[in-house]
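One structure is given below, encoded as structure tokens.
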Amino acid sequence: MSIRKLNPYLNFDGTAEQAIQLYQSALGAKVESIQRFGDIRGGSPAPENKNRVIHALLQLGEGTLMISDSQPGVPVSPGSNTHVCLDFSDPADLTKKFQALAAGGKVTMPLQDTFWGAKFGMLVDAYGINWMFNCDLKQPA
């Protein structure tokens, strides 16, 4: 099976940094990586947005928790700020499963190659569940 793991993905409206600090102190989460809007090559966020979290990866026990802030000006409502992220090993299988789950739902970000070296897309399924699909395109050394 090409789905390697399933991860919760939490979205915030400019408060991801504070949430990360809470999860570190309250739950013992360990930050594995954190990228900010200001870290994107070729990006030019407004000064007040450069420290927003574009992606963070936390280890929580044996689990993984992913976190980001929304794009500036795109509000996040509690209850709609959680996604299920599927991490694939096979881009063709990712595409097939993305298209199947999108049927009757809504694609919110079409599948595309990303600046972080993955094929990625987002959708809301027919039952209102938010999904992220990710497949690293980098070949292991």
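Read-outs: derived from the displayed coordinates by stated rules, not from any lab. Computed from a predicted structure; not experimentally measured. Here the Cβ positions follow ideal geometry from the backbone for every residue, glycine too, while neighbour counts run over all protein chains shown.
From the residues in region 48-71 that are assigned to a strand (DSSP E or B) and not hydrophobic (A, V, I, L, M, F, W, C), which one is surrounded by the most Cβ atoms within 10 Å (Cβ to Cβ)?
Here is the first cut: in region 48-71, the ones assigned to a strand (DSSP E or B) are 53-60, 63-69.
In the following step, the residues that additionally are not hydrophobic (A, V, I, L, M, F, W, C) were identified as 55, 59, 63-64, 68-69.
Numbers: H55: 17, Q59: 13, G63: 12, T64: 18, S68: 21, D69: 24.
Filtering region 48-71 for residues that are assigned to a strand (DSSP E or B) and not hydrophobic (A, V, I, L, M, F, W, C), the one surrounded by the most Cβ atoms within 10 Å (Cβ to Cβ) comes out as D69.
Looking at G14, G43, G63, G28, which one is free of Cβ contacts under 8 Å to residues at least 24 places away in the same chain and of a type in the set (G, A, S)? Even if it seems obvious, please write down each step before you answer.
Details: G14 fails: free of Cβ contacts under 8 Å to residues at least 24 places away in the same chain; G63 fails: free of Cβ contacts under 8 Å to residues at least 24 places away in the same chain; G28 fails: free of Cβ contacts under 8 Å to residues at least 24 places away in the same chain.
Unique residue meeting the criteria: G43.
Out of all the residues in region 99-117, which are within 12 Å of the chain's Cα centre (by Cα) and assigned to a strand (DSSP E or B)?
M109
Counting just the residues of region 64-82 that are closer than 20 Å to I40 by Cβ and not β-branched (V, I, T), which one comes out farthest from the chain's Cα centre (by Cα)?
Restricting attention to region 64-82, the residues satisfying the condition of being closer than 20 Å to I40 by Cβ are 66-74, 76.
Going one step further and asking which of them are not β-branched (V, I, T), we end up with 66, 68-73.
Values: M66: 6, S68: 7, D69: 10, S70: 10, Q71: 12, P72: 16, G73: 18 Å.
Checking each candidate, the answer is G73.
Residues of region 23-42 being over 22 Å from W116 (Cβ atoms) and either surrounded by fewer than 10 Cβ atoms within 10 Å (Cβ to Cβ) or among the small types (G, A, S) (or both), which ones?
Correct list: S25, A26, G28.
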